[in-house]
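Each remark here refers to the structure printed beneath this line.
The values are calculated or read from the model by the stated rules, or taken from the named source; none is laboratory data. Not measured: the values here are computed from a predicted model. Neighbour counts are summed over all protein chains in view; Cβ atoms, including those assigned to glycine, are modelled from backbone coordinates with ideal geometry. Areas reflect the complete protein model, heavy atoms only, side chains present, ligands, DNA and RNA absent. Shrake-Rupley method; radii C 1.70, N 1.55, O 1.52, S 1.80 Å.
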Amino acid sequence: MIPSSLEKQLTAALESREARQIRRSLPPSADTALVDFSSNDYLSLSKSSDLRTRFLEKLGSTKQILGSGGSRLLVNGSAHVDLEDRLRIFFSRTDTAPQSGSSPFSILTLDALLFNSGFDANVGFFACVPQPGDLIIHDEYIHASVHDGMRISRARSIPFKHNSVKDLEKILLCLKNERPELVDGNGSVFIAVESLYSMDGTISPLEDIIQLAESAFPSSNAYVSVDEAHCTGIYGPNGRGLVSLLGLQDRVFARLHTFGKALAGTGAVLLVPPLVKQYLINYARTLIYTTSLSYANVISVNCSFDILESGRAEEFSRHVLALCKYLTAALTDRLRHSLTPIMPEILSLPEHLQPSASSCSPQLPVPIIPLMTSYPRSLAARLRTFGLNARPITWPTVPKGKERVRICLHAENSFEEVDLLIQYSMQWATEMAFESSRGVLAKL
Ligand SMILES: Cc1ncc(COP(=O)(O)O)c(C=O)c1O
């Protein structure tokens, strides 16, 4: 049979990716025998017997556990409402004294709205909340879901350089010249950032960004939204995130916490002022036109928050962050003192994790450490042969020339496993450096 034009187009696109070595494929099904340096299960809660027992008990004693019956606008299960109430209270608590600053838009009162995923929450929010004529200024590394929301949005979007407060300032200054009415509070500027960027393990300079937004737009019409997907459960009192850790909760317009990473669940909650919640219920298509989280799912999320509230998660995250400091320091030392010089393109840590990092405030330890290498597939394959699972990350997920093997650290990882990771990575790098000196290194 002659292939249809659609078949030809799809095949050509895939073959082109193949030729450029960027064709994606699903990894082999999870091999639990491998050491996990790959998943987002930072607190290893998916393997916690405590969480499992709690969840099974609650499932056994709850009448309604299957499905949810439809969209929230059709069937508004009391379990969903109760979870939103619980999360509103949990994330409103201010163990960390809120910092002073202007509080636009009655941010002081907070409401919570569940979405089926962080992806849905970002698409829903950015597609409908910014109004025609508004602007969305976003970090260039912002998550794909925000891009999808912005594509649908009626507002114009402008990227700023990753984590660069200077670049953001430049853009805001230009905007004020171009659109003087914004300075008087006519129209809105949204600033979209993540607290921790998952491909790079970089932390957003949140305080500086918020300060800048407030001073550039004294009419309080610059709204900062923070995606806490990778900080939920890790930072802040009881794992409430980086915004809470820094006491910025009253100065952030929208906060996203996802359940699929450190909380071993599925779904997400958007924390927004009550008016915005009502607007989303009316206009966010990713909320309106989809079946809501199943009851079993809501129970699982509640159990994860039981663990956070018990304080146990703080123990787990302390261990994860200790591993992170250890890995960074030990690998830096091994690279520096290697008898065979290792070029940065073979193996290096990113600039922000180098001891000479120029940032005036040392970065918090993070559970994501990118091992920068031009040969990520080769390094990941080598680690796998030794039973360590870490994923190669290539373009288009990261810019060309910024390929890496991304290491995610977990509560269940041990210092000995991190030692093995360093040992096998260095062995591989030394062999690659030797090949390179013989001029036989082909791009793998
Ligand atoms: C920063 C960020 N935001 C949002 C999401 C989407 O969250 P979810 O996995 O719940 O859809 C992800 C997940 O990849 C993420 O990394």
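Each label point is 7 Å from the Cα along the Cα-to-Cβ direction; what then is the distance between the points at ALA329 and VAL183, in nm?
With each label point 7 Å from Cα toward Cβ, the separation is 4.9 nm.
Amide H of SER117 versus every other amide H placed in the peptide plane: which residues, excluding those fewer than 5 positions away on the same chain, fall under 5 Å?
HN-HN under 5 Å from SER117: ALA268.
Under 16 Å Cα to Cα from LYS261, which lysines show up? Leave out anything in the same chain fewer than 8 places away.
In chain and number order, the partners are LYS47.
For the ranges 379-385, 349-355, what's the packing order if you count other beta-carbon atoms within 10 Å of each residue, average per peptide, and put the highest first?
In descending order of packing, they fall as 379-385, 349-355.
Calculate, for region 125-281, the solvent-accessible area per residue in square angstrom, rolling a 1.4 angstrom probe over the heavy atoms of the protein chains.
Numbers: 4990 Å² over 157 residues.
Roughly 32 Å² per residue, with all protein chains present.
Which GluC sites (Glu not before Pro) from region 360-444 combine a DSSP loop assignment with at most 11 other Cβ atoms within 10 Å? Walk me through the intermediate numbers first.
Values: sites: GLU403, GLU412, GLU416, GLU417, GLU431, GLU435; in loops: GLU403, GLU412.
When the GluC sites (Glu not before Pro) of region 360-444 are filtered for loop state and at most 11 Cβ neighbours within 10 Å, nothing remains.
What FRET efficiency would be calculated for the residue pair THR32, SER215, taking the C-beta separation as r and a Förster radius of 56 Å, to the nearest 0.05?
Details: r = 51 Å, r/R0 = 0.91.
In this case the efficiency is close to 0.65.
What's the carbon and sulfur percent of region 388-434's accessible surface, probe 1.4 angstrom, rounded to a whole number? Write out the running numbers ahead of the final one.
Values: 950 of 1820 Å².
Its accessible area is 52 percent carbon and sulfur atoms.
Using only Cα atoms, tell me the angle between helix 206-216 and the longest principal axis of the chain; keep it within 0 to 90° and round to the nearest 10.
Taking the Cα atoms of the chain, the angle to 206-216 is about 50 degrees.
In region 138-231, carbon and sulfur make up what percent of the accessible area (probe 1.4 Å)? Please list the in-between numbers first.
Working: 1870 of 3780 Å².
Accessible surface attributable to carbon and sulfur in region 138-231 totals 50 percent.
Could you calculate the contour length gain from LYS161 to THR291, that is, 0.36 nm times the residue separation minus the distance between their Cα atoms, to one decimal place in nm? Intermediate results must be reported in sequence, preceding the final value.
Details: separation 130, 0.36 × 130 = 46.80 nm, distance 3.71 nm.
Difference between extended and current length: 43.1 nm.
Based only on Cα atoms, what mean projected area does the convex hull of region 293-382 have, in nm²? Intermediate results must be reported in sequence, preceding the final value.
Details: hull surface 37.3 nm².
With every direction weighted equally, the projected area is 9.3 nm².
Looking at region 102-201, which GluC sites (Glu not before Pro) are DSSP coil and have at most 10 other C-beta atoms within 10 Å of their C-beta? Provide the component values of the computation, followed by the final result.
Numbers: sites: GLU140, GLU169, GLU178, GLU181, GLU194; in loops: GLU140.
When the GluC sites (Glu not before Pro) of region 102-201 are filtered for loop state and at most 10 Cβ neighbours within 10 Å, nothing remains.
For TYR223, enumerate residues with amide H under 5 Å from its amide H, sequence gap 5+ or separate chain, H modeled in the peptide plane.
VAL189, PHE190, ILE191
For THR53 and GLN278, calculate 0.36 nm times their separation in residues minus their Cα-Cα distance, and state this gained length in nm to one decimal. Show your work: numbers first, answer last.
Values: separation 225, 0.36 × 225 = 81.00 nm, distance 3.62 nm.
Once the chain is fully extended between THR53 and GLN278, it gains 77.4 nm.
Among all the lysines, which ones have a C-alpha under 26 Å from LYS166's C-alpha, if same-chain residues fewer than 8 places away are not counted?
Within the straight-line limit of under 26 Å, LYS166 reaches these lysines: LYS176, LYS400, LYS402.
Over region 259-340, with every protein chain in place, what whole percent of the accessible area is carbon and sulfur at 1.4 Å, could you tell me?
52
Taking each pair of different alpha-carbon atoms in region 62-310 once, compute 1/r for the pair, average those values, and report the inverse of that mean as the Kirkwood hydrodynamic radius in Å to one decimal. Write out the running numbers ahead of the final one.
Values: mean 1/r = 0.0551 Å⁻¹.
Over region 62-310, the inverse of the mean reciprocal pair distance is 18.2 Å.
In nm, to one decimal, how far is the SER5 label point from the ASP419 one, both placed 7 Å along Cα→Cβ?
6.4
Roughly how many Å is it from the Cα centre of region 53-90 to that of region 357-428, as a whole number?
For region 53-90 versus region 357-428, the Cα centre distance is 37 Å.
Using amide H atoms built 1.01 Å from N in the peptide plane, name the residues 5+ places from PHE160, or on other chains, whose amide H lies under 5 Å from its own.
Sorted by chain and number, the residues that satisfy this are HIS138, ASP139, GLU140.
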